[in-house]
1. Every residue in the stretch 309-331 that is within 12 Å of residue 289 (Cα to Cα) and small (Gly, Ala, Ser), please.
2. Six or more apart or on different chains, Cβ under 9 Å: which pairs go from a residue in the stretch 237-264 that's within 18 Å of residue 193 (Cβ to Cβ) to one that's open to solvent by 40 Å² or more (accessible area, probe 1.4 Å) and among the small types (Gly, Ala, Ser)? Could you list them?
3. Return the residues of the stretch 419-439 that are assigned to a loop (DSSP other than H, G, I, E, B) and in contact with a His (Cβ under 9 Å, 6 or more places away or on another chain); say none if nothing qualifies.
4. Scan the stretch 282-292 and tell me whether some residue there is among the small types (Gly, Ala, Ser), at pLDDT 95 or above and open to solvent by 10 Å² or more (accessible area, probe 1.4 Å).
5. Over 26 Å from residue 392 (Cβ atoms) and touching a Pro at 6+ places or on another chain (Cβ under 8 Å): which single residue out of 254, 216, 196 fits that description?
6. Taking residue 160 as meeting all but one of (1) surrounded by fewer than 23 Cβ atoms within 10 Å (Cβ to Cβ); (2) part of a strand (DSSP E or B); (3) of a type in the set (Lys, Arg); (4) touching a residue at least 40 places away in the same chain (Cβ under 8 Å), write down the number of the exception.
7. List pairs: first in the stretch 412-431 and farther than 23 Å from residue 62 by Cα and in contact (Cβ under 8 Å) with a residue 24 or more places away in the chain, second among the hydrophobic types (A, V, I, L, M, F, W, C) and outside any strand (DSSP E or B), Cβ under 7 Å, 6+ apart or cross-chain?
Amino acid sequence: MLSIADDDIDTNGMIGYSFSRMEVESGLADSSSDDVVCSPWPNRKDDSLDHDIAQLTKLQSGPNEHLSRVSPGKREFPISTVKMLAGREANLSGRGRFSSGDCRHVLSKYLPVNGPWIVDQMSTRAYVSQFSADGSLLVAAFQGSQIRIYDVEGGWKVRKNILARSLRWTITDTSLSPDQRYLVYASMSPVIQIVDAGSSTTESLANITEVHDGLDLSSRDDGGYSFGIFSLKFSTDGQEVVAGSSNGDIHVCDLKASKVSLRISAHMSDINSVCFVDESGHLVCSGSDDSFCKVWDRRCYSASGKPAGVLMGHLEGITFIDSRGDGRYLISNGKDQAIKLWDLRKMSSNSICYRGYRNYEWDYRWMNYPQQARDFKHPHDQSVATYKGHSVLRTLIRCYFSPQYSTGQKYIYTGSHDSCIYIFDLVSGAQVAKLQHHRSTVRDCSWHPTYPMLVSSSWDGDVVKWEFPGNGEVTAAATNKRYHQRRNLYDPYLQVHDLFDNLSIQ
C-alpha cells in the first residue's frame with residue numbers, strides 16, 4: 001500500500017489508505033497465477049504521483065508515445081506486446097527499433113511469480129541471498145557458519161562452500177566485489193573477513209584450506225568494547241568496503257591498504273544498514289535503530305564532522321536501505337512496518353532531528369506491532385511515499401528497487417516476517433505480487449539483474465528461485481525433496497534470453 005506526502009499528492013489520488021492484514025491477504029487476483037495479487041484500492045481515480053520519480057519511471061519503463069496511440073488524441077496503456085511488435089514493424093516510432101523504454105515496458109510485465117524451485121535447503125536459518133552484479137553467481141549465507149556461492153548459469157552448482165571464521169551468533173552480511181574476485185563477510189564481531197572468491201578452492205575452510213584475511217575495525221578509543229557489524233557494501237570500483245556497526249559508527253575500509261580510512265560516529269544506536277548512494281563513492285547513507293537515515297559526504301566530513309543531511313519519517317528503527325543509484329532516491333525498510341521512499345533533495349540539516357512519538361512499549365524481536373500504532377504518523381515526515389502490507393519483525397528484513405535493465409526500477413520488493421515476498425509498484429503503490437512458499441521469516445531476496453527471476457531465502461533454511469516462465473519441472477510446492485534444476489531446451493533462461501535478443505535493448 002502507498003500513502004503520499006501531503007505536499008506531493010495529486011488531488012485525484014488516494015490519501016493514506018491503510019490495509020489491514022485481512023484485506024491484503026484477500027486481494028483480488030489479476031492473473032491466472034494464485035501468487036499474483038492486486039490490492040483493493042477503493043474509489044481510486046488516479047494511480048500517478050505528482051513528483052519527479054513518476055516522470056523518471058515513465059521515461060525509463062514507458063513505451064514510445066507513437067506506439068501507444070490507438071487513434072488521434074487517444075492512447076492505450078499498458079500496451080500489449082503484440083501491438084508493440086506490430087508498431088515496431090510499421091516503424092511507428094520512426095526509429096526502426098525499440099528504445100530501452102519500449103523494451104522495459106514489455107519485460108517489466110513478466111514478473112518472477114511462478115514456482116518456486118529449490119536452489120538449496122539447509123538445516124539452519126538463511127540470512128543472506130544476493131546475485132552478483134552480472135547475475136552469474138548467487139551468494140547465500142546461513143546461521144550455521146556457512147556461505148555458499150552458486151553458479152547460476154551452471155546448473156546452480158556450488159562453486160564455493162565457505163566455512164566462516166570467528167563467527168558470533170550468525171553471519172550478518174556478505175558482499176561480493178564487482179569483479180567477483182573477493183567476498184567479505186561479517187558477524188557480531190568487529191572483524192570483517194575477506195575471502196578469495198575467485199580461487200579454484202571449492203571447500204574454503206577458514207585458515208585450513210584457504211586463508212580468510214581479517215580486518216579489525218576496532219580502535220583504542222572503543223575502550224575494549226566489542227561491537228558487531230550488521231551491514232557491508234563494496235564500492236563500485238571494488239577498492240573500498242563500507243560497514244555499519246552496532247556501536248553507531250560507519251567504517252570505510254581501504255582493502256588495498258588493509259586499513260580503516262574513515263570512521264564516522266554517525267548514530268546513537270545500532271547502524272543496521274549502509275550503502276553507497278551512487279557510483280562516485282563520495283556519498284554514504286546509513287540507517288539506524290534511532291529511526292533516522294543520514295547521508296554523509298566524504299569530501300567535506302573531515303571539515304564539518306556532520307552529515308550532509310538527515311531524512312526523518314520512520315517511527316521505529318530502520319532495518320535496511322537501498323539506493324536507486326542515481327544519487328537522488330533511496331528506499332528504507334522500517335520496524336514501523338513500512339517502506340519509505342526518499343528524495344535526497346528534501347533532507348534536513350543535522351540540527352533539526354525529531355524522533356517519532358509513541359506511548360507504548362514494544363520490542364520487534366519478540367512482540368507483534370501494536371495495533372494502535374499502525375495509524376500513527378511522524379509529525380515531520382519527509383518521505384515522498386510510504387508502502388505498507390508486509391511485516392518487519394524478528395530480524396533486519398531487506399527491501400530493494402527492482403533491476404534497472406529489465407524493469408526500469410518501476411517496482412519495490414521486500415521480504416516479510418509472514419513468510420512471503422511482496423512486490424509493489426513504485427509509482428501507484430499497488431501490491432502487484434505476493435509470493436508464498438516459505439514456512440518462516442523471509443529476511444532477504446534478490447531480483448536477477450537481467451532475467452525475470454527472483455531468489456528468496458528464509459529462516460526455514462530454504463533458498464528458492466521464482467521465475468516468470470514455466471519449464472515443465474515440478475515446483476517446490478509439489479515436492480519437498482532437495483534438488484538442483486537441470487537446464488534443457490525448455491529452460492526459462494533460454495526462453496527469456498531469446499526474448500531479450502529479439503527486443504534488443506540499446
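1. Hit for the stretch 309-331 is 317, nothing else.
2. Between residues of the stretch 237-264 that are within 18 Å of residue 193 (Cβ to Cβ) and residues that are open to solvent by 40 Å² or more (accessible area, probe 1.4 Å) and among the small types (Gly, Ala, Ser), the close pairs are 240/261; 251/261; 252/261; 253/261; 254/261; 260/219.
3. The answer is 419, and nothing else.
4. no
5. 216
6. Of (1) surrounded by fewer than 23 Cβ atoms within 10 Å (Cβ to Cβ); (2) part of a strand (DSSP E or B); (3) of a type in the set (Lys, Arg); (4) touching a residue at least 40 places away in the same chain (Cβ under 8 Å), only one is false for residue 160: (1).
7. That search, which allows pairs on different chains as well, returns 414/397; 415/397; 416/397; 417/392; 417/393; 417/397.
One line per residue, one yes/no per condition, for (1) at pLDDT 90 or above; (2) open to solvent by 30 Å² or more (accessible area, probe 1.4 Å); (3) in contact with a Gly (Cβ under 8 Å, 6 or more places away or on another chain):
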{"site": "319", "(1), (2), (3)": "yes, no, yes"}
{"site": "326", "(1), (2), (3)": "yes, yes, no"}
{"site": "341", "(1), (2), (3)": "yes, no, no"}
{"site": "345", "(1), (2), (3)": "yes, yes, no"}
{"site": "349", "(1), (2), (3)": "no, yes, yes"}
{"site": "357", "(1), (2), (3)": "no, yes, no"}
{"site": "369", "(1), (2), (3)": "yes, no, no"}
{"site": "383", "(1), (2), (3)": "yes, no, yes"}
{"site": "391", "(1), (2), (3)": "yes, no, no"}
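The values are calculated or read from the model by the stated rules, or taken from the named source; none is laboratory data. Keep in mind that what you see is a predicted model, and the values were worked out from it rather than measured. All Cβ positions, glycine included, derive from the backbone under ideal geometry; neighbour counts span all protein chains shown. Surface areas here come from the heavy atoms of the whole protein model, side chains and all, with no ligands, DNA or RNA. Shrake-Rupley method; radii C 1.70, N 1.55, O 1.52, S 1.80 Å.
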